[in-house]
Amino acid sequence: MHAWTWVLQRISAVILIIALGLHIGFLHFSNTGEPLNYGEVVARLKTPVLIVFDILLLTFGLYHALYGLYSVFLDFDSGKKERVIVLGLFVVVGLGIVGFGIFGLLYTARSL
Amino acid sequence: MSKPLQVKVFRFNPESDVAPRFDDFEVPVFDNMAVLDVVIYIQNYLDRSLSFRFSCRIGMCGSCAMYVNGRARLACRTQVSSLKTRDITIMPLPNFPIIRDLVVDMEPFFDKWKKIKPYYIPKREIDAPVTVQPESNEREFIDDMLDCISCGCCYSACSMVATNKDYLGPAALNRAYTLIADKRDAIRVERLKAVDRSYGVWRCHTQFNCAEVCPKNIVPTRSIQRLKRRCVLKKFGIFK
Ligand code: SF4
Ligand code: FES
């Protein structure tokens with residue numbers, strides 16, 4: 001299992017660098033004027049490319065962070081039972097937050 | 001004559017002492033003096049009961065590793081002048097059980113060494129002596145990593161070893177790499193399985209503490225990363 005999760009963490013790191021760069025770049029350069037007005041924020045939240053980037057950021061950012069935390073947990077001697085419990089907890093928390101985040105992004109885009 | 005060294009030495013005899021202590025010694029300096037000469041001087045002239053281990057005195061056997069001024073080093077290869085101070089603190093290697101004073105028990109280290117079967121097992125069908133070409137990059141990389149003298153410095157510096165008693169540690173994994181990267185070896189896949197465990201290669205967080213202290217300038221972290229790559233290839237069915 002570790003080989004897959006380790007590769008995925010490397011992949012998530014690359015995706016994070018790109019997605020984070022684009023996200024920050026876009027937020028920085030797409031401002032048409034100061035201060036931002038409501039219409040611009042709504043337009044931004046409805047832009048499909050940005051929604052996709054936010055979903056990527058959320059999913060891979062969370063995976064990267066939770067896998068990192070799990071690795072740190074494994075560094076300390078722990079029994080098999082504890083490992084399964086903590087892994088299960090991370091999976092549930094991770095899926096929960098990703099699901100909630102994606103739902104929030106899509107729901108906002110549709111209802112605005 | 002230059003001022004004498006002020007040496008603090010860790011002392012502990014688990015059979016008779018309740019707790020460890022430090023003893024202070026004043027040791028005269030001579031040219032090209034090594035830390036090993038310091039402890040030998042103490043034992044010869046100041047305190048005959050001081051225990052430490054050494055053998056070759058030329059950085060070959062790996063038995064004189066100690067924790068000198070905050071860092072694991074070979075006592076025989078560490079010149080006193082390189083420490084750039086007259087105050088020297090000598091302790092046993094961290095991450096090992098203490099037998100007495102500066103002598104540590106290497107058994108946990110070699111137990112892990114045994115787990116990766118540290119000896120070469122030739123493939124039966126190969127009769128030519130070498131199939132990894134001497135001039136290939138891979139060959140050179142294995143050569144660098146073969147210099148290990150199993151001194152335990154890397155093991156004592158590794159924070160993953162410190163937190164986890166099951167982690168195989170840098171030296172054993174480095175040794176495993178030298179065999180797994182050798183295409184003439186008959187049990188490469190089996191060896192890879194032995195290190196492809198949570199407490200094998202995956203515990204390494206590439207902190208490079210091992211590389212920092214290795215007296216042979218080996219970079220076990222690099223071997224471990226290469227092992228991880230091979231583990232991934234094995235999962236994809238590419239590593240044969
Ligand atoms: S890799 Fe270096 S530090 Fe570690 S046991 Fe071998 S020679 Fe010593
Ligand atoms: S005495 Fe052999 S390595 Fe130092």
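Please treat every number below as a calculation from the coordinates, not as lab data. Every value quoted in this text rests on a predicted model; they were computed, and no experiment measured them. Counting neighbours? That spans all protein chains shown, and the Cβs are built from the backbone with ideal geometry, glycine included.
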Computed [θ] at 222 nm, helices only, for chain A once each DSSP H run of length n ≥ 4 contributes -39500 (n - 2.57): -30500 deg cm²/dmol
Helix-only [θ]222 nm of chain B, DSSP H runs n ≥ 4, -39500 (n - 2.57) each, per residue, nearest 500: -8500 deg cm²/dmol
Kindly state, to the nearest 0.05, the FRET efficiency for A:Thr5 paired with A:Leu106, given R0 = 30 Å and r defined as their beta-carbon distance. 0.65
Identify which of B:Cys154, B:Cys61, B:Cys204 has the largest mean-square fluctuation in a Gaussian network model of chain B, with springs joining Cα atoms closer than 10 Å. B:Cys61
Could you please report the charge total around B:Ala194, scoring K, R as +1 and D, E as -1 over all other residues with beta-carbon less than 10 angstrom from its beta-carbon? +3
If you take every residue apart from A:Val7 with its C-beta less than 11 Å away from the C-beta of A:Val7, what net charge results, scoring Lys and Arg +1 and Asp and Glu -1? +4
Neighbouring partner chain Cβ atoms per residue of A:73-79, average, 10 Å criterion: 4
What aspartates and glutamates sit close enough to B:Lys183 to cross-link, taking a C-alpha to C-alpha distance under 20 Å and skipping anything fewer than 8 places away on the same chain? B:Glu125, B:Asp127, B:Glu135, B:Glu138, B:Glu140, B:Asp143, B:Asp144, B:Asp147, B:Asp196
Could you pull out the chymotrypsin sites (Phe, Trp or Tyr not before Pro) across the stretch B:156-240 that fall in loop regions by DSSP (anything but H, G, I, E, B) with no more than 12 other Cβ atoms inside 10 Å? B:Phe236
Select from B:Cys210, B:Cys56, B:Cys151 the residue whose mean-square fluctuation is largest in a Gaussian network model of chain B (Cα-Cα springs shorter than 10 Å). B:Cys56
For the pair A:Tyr38 and B:Asn32, how long in nm is the line joining their label points, each one 7 Å along Cα→Cβ? 8.6 nm
Below 10 angstrom from the Cβ of B:Tyr120, what's the summed charge of the other residues (Lys, Arg +1; Asp, Glu -1)? 0
Give the calculated FRET efficiency between B:Thr89 and A:Thr47 to the nearest 0.05, with a Förster radius of 56 Å applied to their Cβ-Cβ distance. 0.35
Helices from chain A with mean Kyte-Doolittle at least 0.0 and a Cα length along the axis of 30 Å or more, per DSSP H: which? A:2-29, A:48-75, A:80-111
Once both labels are modelled 7 Å past Cα along the beta-carbon direction, what's the B:Arg71-B:Lys193 spacing in nm? 4.2 nm
Identify the trypsin sites (Lys or Arg not before Pro) of the stretch B:29-132 meeting these criteria: DSSP loop state and at most 15 other C-beta atoms within 10 Å of the C-beta. B:Arg48, B:Lys84, B:Arg86, B:Lys123, B:Arg124
Under the 7 Å Cα-to-Cβ spin-label approximation, B:Glu15 and B:Thr163 lie apart by a distance in nanometres of 3.7 nm
Antiparallel bridges, percent of DSSP beta bridges restricted to the protein assembly as shown (to nearest 5): 80 percent
Surpassing 31 Å at the alpha-carbon level, of the pairs B:Lys165/B:Lys234; A:Lys80/B:Lys193; B:Lys84/B:Lys112; B:Lys84/B:Lys115, are B:Lys84/B:Lys112; B:Lys84/B:Lys115
Starting from the Cα gyration tensor of the protein assembly as shown, take the square roots of the eigenvalues, sort them a ≥ b ≥ c, and report rounded, prolate or oblate (rounded when a/c is under 1.5, otherwise prolate if a/b is larger than b/c, else oblate). prolate
